[in-house]
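> Encoded as structure tokens, here's the structure I'll be asking about.
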Amino acid sequence: MSAADTQLAAGDPPKHYLNNGLTIRSWLLSVDHKRIAILYLISLTIFFLLGGAAAALFRMDLVTPEADVLQSETYNKLFTMHGIVMIFFFLVPSIPAVMGNFLVPVMIGAKDVAFPRLNLLSWYVFMTGGLIALGAIIMGGVDTGWTFYTPYSSMYANSHVILAVAGAFIAGFSSIMTGLNFIVTIQKMRAPGLTWFRLPLFIWAMYATSLVVILGTPVVAITLVMIFVERFFGFGIFDPALGGDPVLFQHLFWFYSHPAVYIMILPSMGVVSEIISCFSRRRLYGYTFVAFSSLAIAVIGFFVWGHHMFVSSQSVYAGLVFSFLTFFVAIPTAIKMLNWVMTMYKGSVSFETPMLYAYGFLGLFVIGGLTGLFLSTMATDIHLHDTYFVVAHFHYVMVGGGVMGFLGALHFWWPKIIGKLYPEGWAKFAAIVIFIGFNLTFMPQFQMGYHGMPRRYHTYAEEFQVFHVMSTAGATVLGAGYLIMAAYLFWSLFKGKKASANPWDARGLEWETASPPPTENFLETPKVTQDAYAYDMPSVTCPPGAKSEAERV
Amino acid sequence: MNSVYSLLPEQASTVAGQVDAIYLFLVAISVFFTLLLAGLVLVFGIKYRRREGAPAPERPHEDSSLELIGGGILLVLVLVLFGWGAKVFFHSTRPPADAMEILVTGKQWMWKLQHPQGKREINTLHIPAGRPIQLTMTSEDVIHSFFIPAFRVKQDVLPGRYTRLWFEATKPGKYRLFCTEYCGTEHSMMGGWVNVLTPADYERWLVDSGGAAVASETPVQAGERLFTQLGCQTCHNPGSGQLGPHLAGVYGHTVKLADGTEVVADDEYLRESILNSQAKIVAGFQPVMPVFKGIVNEDQLLQLIAYIKSLSGGASN
Amino acid sequence: MSSHSNAHVAHHFENAEQQRQSAQLGMWIFLVTEVMFFGGLFAAYTIYRSLYPEAWVVGSHLLSIKLGGFNTAVLLASSLTMAMAVHAAQTDKQKASANWIILTMLLGFVFLGVKVVEYAGKIDHHLVPGPHFFVDPMAELAKLEAAGIQVGQHLRHAFEGANPNHIQLFYSLYFAMTGMHAVHMIIGAGIMLWLLVNTRKGVYSSQYFNPVEVSGLYWHFVDIVWIFLFPMLYLIGRH
């Protein structure tokens, strides 16, 4: 570190977290939350590419009803890999571990998260889990589906289930560490004057998400341990041959994995609240409602898991309760849409790239949410369960909602994180391509699903071919959109124009420090006197670099 | 057959129309709300687009009336959906008492089916139109799921227990049958056809196709044969040793157990009592019955239960 | 920097109080995750117990209530010594604190040692689930009677009706639950060792004792888990 310090003599560029130490070691052992966010960003990009590559392969195979490119075994391993990688190693950590890690301390005016070493450990734990899961794939793959349903996973599958389960188990602990860190940081480390109702909605969303992580992840962890024990030691827990109950596994699994959807979507809702507010130049309509509805969704989300199991042989009365509560959780979500729309009303709306992603989020998430009603209505769910309708629905929610939110966040805070601007024209173009490609991929799957096309099918009935061809064509467009984005973001790292401290003229503490921020975020702890949406007041941002210059004195 | 481009797939069962009605309602509200949202964001985006020199927008008031009104409307809407969906769901999960019972065993990766008259088939199910059919299903290995899109019915099939599915086909034709719970390598090959015949054709099909030699025994007859072969009748028949309870009239009735509790003698109870006879001892008897686990397979179990049911004049004709 | 600051306040905290509160809240939240973690096992236990009550009765009778009871006493004592260690650390009696930590660790090892004896007994009696599992409820009943235990009608029915497979399920859960608990004990012993080294080095004082305090919370939690496991596994079936 000291060697790096001396290199940065007067006259060099201002010192910030990116150039505070340039060795690999200074990155891999950094406890700076911003550097850890970058480590996560790089690893998640790699996992996203892997998961996407798996999807590309099986979508290619699905162009014809017969098996042509792949064997059934390979096909099954590919969709399993797509699910495991995308859910456990991309979607769940995406916004919390990258954006949350970077932004939570900055937004609340803290120097770092409460437990910086635990934060770094969480990245190593995540990578360990990821490498073990990758090991399972390299050694021959796993073919259970990401849901690991017993008794197939515990007694019948002869693929590397134990390794994959161990990978997901270990990665779960990294989520727990991150969630724990956020809760303590948000509760105990807010800057003076930053009361709960002055917090940005992104912080509320991260808080709600962390609660879900804390309460849900341990349950799936112990469930995976039980699969491990059953498979490895031959203990019977879910095996019906020993009187075990395979449906119990489904209950325990969905107790986490349904709330996990909220882990993926709540942060996106937080991001969209920030973006819409900034590009409408207006405090979010119904701030208090949006803040509390995040918590409400997090809590109610724990009581709806049984809606994954309407046809599993669970009792019809249990089904009734779960169906009812599922409808109930839809209401706060729907009202949030109203809040976002009403924020634009009488606002001053402009359409920079992050706003396009927010528009994309609204358009796709509304479809994801409404198609959720089809699946919470018991009579239609019986028909739709485990068909492509479900596949389309959860992609609209998790990609249309989750990933669009992540990309919106990436573009909104990219200048802050990297200190460079991306080319706005290309970015708008890519956002539109991604939106079109996504709809082309998944819209046909609703129709296929209602006509009975089951999911996880390698070969299929010939009448569905036309929709599969459309879907694959759409996936190609979608993939192209992602690649364009990757290309210009990478380009902007080196050639992008220098970003000012507040390129969007936004409000909130993160825009009051330099871009990129100095290592301890602020030179002195900010004193907060108003909320994060004071768009009716002039910005209080210092000129770019000014604070960093001062730091060297 | 309706083409895949039409909004609704073929309707070929009594519940299909009811499910489709809910579906159409849902499609209508989805289109409405999607267009409403798209319209609002576009109109607001254009009407309130940023203009040079315009004053900063006002802060919104903290006033929850709009949220409450919106929430109220949604609450009514979802209650309607919940009630309607639950009503149809109840209907589609309660088989009528006079349903014809077909036994189904799923295994990696085929469906084995047996008709009450004894005829067996694999991956193709022939049924008569206009008659309620109840499938009693179990699995030999992992979880499968029995799905006939044209009937809008689906039910998971589990190892170690029985699940039921019922439907009444409305018109003759050939409809797809799928396994919809991922069950391993050849999951996508585990399916076939449901051939709905007119009742007359069905009767003809029962006797002639497939060769007379195959359709020898009904499940009840097979169960009776097994009952004798396995020596069950030595204890369970009236007039014999009286070591076991008489089975006539047991099915569907309450049985008093040695520990004072009571159970209803349903499929699951009979299954448990055969496989693991010591689990629930009927009051007044000694736990002397051998364990048949590993001796009878899933098909034979279904036949034995069908036979015991027939002793009570059960649903198996 | 605020006037409360001292050498033990990490750079990112404003003052010692904020650091102490953060450490405590962090440990409490960690314990919440632990409750959920064991909660999954407790859920499985509850469901199977309600499905197969007879097997649970037999399973309980084959566990040694003496060893389990002794271990419960050991753990309760260790909670006391842990509390004493924290108290001593807070009042600047670091030498006493080190001794209490050693005692706590020793009690932890006693517990684990007894657990090893119990596990060994289960291995000898083929009560470890898996291919070698074997249990004959009637023979076990005869043993109980031979030992002069009054066997009531209810108990007899339980032994007659219990399915060996379900007893195996009981033992799957027994090993999973007590095994998970033992893993936590081993980690706890490791933490004690770390505390001991730091205490000897003089790291802690009445100004800074967060690690001792939050480790204490952890140790008490692990004890409490056992306070639930002992009646659920050893006692309930005997009523």
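The values are calculated or read from the model by the stated rules, or taken from the named source; none is laboratory data. Everything numeric here is computed off the predicted structure, so don't read it as measured data. Every residue, glycine as well, gets a Cβ built from its backbone with ideal geometry; the counts of neighbours run over all protein chains shown. Just the protein is used for accessible areas: all its heavy atoms, side chains included, with ligands, DNA and RNA removed. Shrake-Rupley method; radii C 1.70, N 1.55, O 1.52, S 1.80 Å.
> Any aspartates and glutamates with Cα under 18 Å of the B:K112 Cα? List them, leaving off those in the same chain fewer than 8 positions away.
Answer for B:K112, where 18 Å is the Cα cut-off: B:E101, B:E121, B:E140, B:D141, B:D156, B:E181, B:E186, B:E217, B:E298, B:D299, listed by chain and number.
> Next question, about the same structure. Under 1.5 on a/c is rounded, so check that first for the range C:27-88, then, if it is not, pick prolate when a/b is larger than b/c and oblate when it is not; a ≥ b ≥ c are the square roots of the alpha carbon gyration tensor eigenvalues.
Judged from the Cα gyration tensor, the range C:27-88 comes out oblate (a/c at least 1.5, b/c at or above a/b).
> What ³J(HN,Hα) values, in whole Hz, does the Karplus curve 6.51 cos²θ - 1.76 cosθ + 1.60 give for the range A:364-376 when θ = phi - 60°, with x put for Gly and Pro?
7, 5, 5, 5, x, x, 5, 5, x, 4, 4, 8, 8
> While we're on this one: Of C:L106, C:I187, C:H166, which is farthest towards the positive pole of the range C:14-234's charge dipole, taken about the Cα centre with +1 and -1 on the beta-carbons of Lys, Arg and Asp, Glu respectively?
C:L106
> Just to confirm my numbers, what's the Cα centroid distance between the range C:1-71 and the range C:132-155 in Å?
36 Å
> Can I ask one more? Exposed loop GluC sites (Glu not before Pro) only (DSSP loop, at most 12 other Cβ atoms within 10 Å): please give the longest stretch of chain A free of them, not including the sites.
No qualifying site falls inside A:67-523, the longest such stretch.
> Under the rule of at least 5 residues apart or a separate chain, name every residue whose amide H is placed under 5 Å from the amide H of B:R49.
For B:R49, whose amide H was placed from the backbone, the distant partners under 5 Å are A:V349.
> When only DSSP loop residues count, what chymotrypsin sites (Phe, Trp or Tyr not before Pro) in the range B:1-80 have their Cβ near at most 10 other Cβ atoms within 10 Å?
Hits after loop and neighbour filter: B:Y5.
> Averaged across the residues of C:25-32, what count of C-beta atoms belonging to other chains lies within 10 Å of each residue's C-beta?
6
> With unit charges on the beta carbons (Lys and Arg positive, Asp and Glu negative) and the dipole taken about the Cα centre of the protein assembly as shown, which residue among A:G243, A:V299, B:L40 sits farthest to the positive side?
B:L40
> Convert each backbone phi in the range A:291-305 into a coupling constant with the Karplus relation 6.51 cos²θ - 1.76 cosθ + 1.60 (shift: θ = phi - 60°), then list the ³J(HN,Hα) values in order as whole Hz, x for Gly and Pro.
4, 6, 5, 4, 5, 4, 4, 4, 6, 4, x, 7, 10, 10, 4
> To the nearest 500 deg cm²/dmol, what mean residue ellipticity at 222 nm is calculated for chain C from DSSP H runs of n ≥ 4 alone, each contributing -39,500 (n - 2.57), summed and divided by the residues?
Estimated from H runs of four or more residues: -26000 deg cm²/dmol.
> Please list the non-local residues whose amide H lies under 5 Å from the amide H of B:Q134, H modeled 1.01 Å from N, same-chain partners needing a gap of 5 or more.
Amide H neighbours of B:Q134, under 5 Å, 5+ apart: B:M100, B:E101, B:I102.
> Rounded, prolate or oblate: pick one for the protein assembly as shown, where a ≥ b ≥ c are the square roots of the eigenvalues of its C-alpha gyration tensor, a/c under 1.5 means rounded, and failing that, prolate if a/b is larger than b/c, else oblate.
oblate
> Whole-Hz Karplus ³J(HN,Hα) for the range C:26-39, in order, using 6.51 cos²θ - 1.76 cosθ + 1.60 and θ = phi - 60°, x for Gly and Pro?
Residue by residue, the range C:26-39 yields x, 5, 4, 5, 4, 5, 4, 5, 5, 4, 5, 4, 5, x Hz.
> Tell me the trypsin sites (Lys or Arg not before Pro) within the range A:444-531 that lie in a loop according to DSSP and have at most 15 other beta-carbon atoms within 10 Å.
Those satisfying the criteria are A:K497, A:K527.
> Continuing with the same structure: With +1 assigned to the C-beta of every Lys and Arg and -1 to the C-beta of every Asp and Glu, and no other charges, what is the dipole magnitude of the protein assembly as shown about the Cα centre in debye, to the nearest 20?
2280 debye
> For B:F90, what accessible area in Å² do you get when you roll a 1.4 Å probe over the heavy atoms of the protein chains, rounding to the nearest 10?
Result for B:F90: roughly 50 Å² accessible.
> Taking a ≥ b ≥ c as the square roots of the eigenvalues of the Cα gyration tensor of the range B:59-123, is the shape rounded (a/c under 1.5), prolate (a/b larger than b/c) or oblate?
Oblate shape, in that a/c is at least 1.5 and b/c is the bigger or equal ratio.
> Over 21 Å between Cα atoms: which of B:K107/B:K154; A:K346/A:K497; A:K111/A:K497 fall into that group?
A:K346/A:K497; A:K111/A:K497
> Tell me, what is the FRET efficiency for C:S50 and B:V291 to the nearest 0.05, using R0 = 22 angstrom and their Cβ-Cβ distance as r?
0.40
> When only DSSP loop residues count, what trypsin sites (Lys or Arg not before Pro) in the range C:45-99 have their Cβ near at most 16 other Cβ atoms within 10 Å?
C:K93
> Then there is this: By how many degrees, between 0 and 90 and to the nearest 10, does the Cα long axis of helix C:94-124 differ from the longest principal axis of chain C?
The helix C:94-124 is inclined about 20 degrees to chain C.
> Where both residues lie in chain B, what percent of DSSP beta bridges are antiparallel, nearest 5?
70 percent
> For the range C:14-234, how many pairs of lysine residues have a Cα-Cα distance under 22 Å, where the two are 8 or more positions apart or belong to different chains?
6
> Dipole of the protein assembly as shown (Lys/Arg Cβ +1, Asp/Glu Cβ -1, origin at the Cα centre): which of A:Y149, B:Q286, B:V264 lies farthest to the positive side?
A:Y149
> Sequence neighbours fewer than 8 away in the same chain don't count; with that in mind, list the aspartates and glutamates whose C-alpha is under 14 Å from A:K34.
Correct list for A:K34: A:D112, A:E510, A:E520.
> Right, another one. Could you tell me the center-to-center distance, by alpha carbons, between the range B:82-100 and the range B:1-64 in angstrom?
Rounded to whole Å, the Cα centres lie 30 Å apart.
> Here's something else I'd like to know. Placing +1 at every Lys and Arg Cβ and -1 at every Asp and Glu Cβ, with all other atoms neutral, what dipole size does chain C have around its Cα centre, in debye to the nearest 20?
420 debye
> Between the helical axis of C:65-90 and the dominant principal axis of chain C, each derived from Cα atoms, what acute angle in degrees is found, rounded to the nearest 10?
10 degrees
> Using the crude model of +1 on Lys and Arg Cβ and -1 on Asp and Glu Cβ, and no other charge, please compute the dipole size for chain B relative to its Cα centre, in debye to 20.
Using Cβ point charges on Lys, Arg, Asp and Glu, chain B gives about 500 debye.
> So what's the angle, to the nearest 10 degrees on a 0 to 90 scale, between helix A:161-188 and the longest Cα principal axis of chain A?
40 degrees
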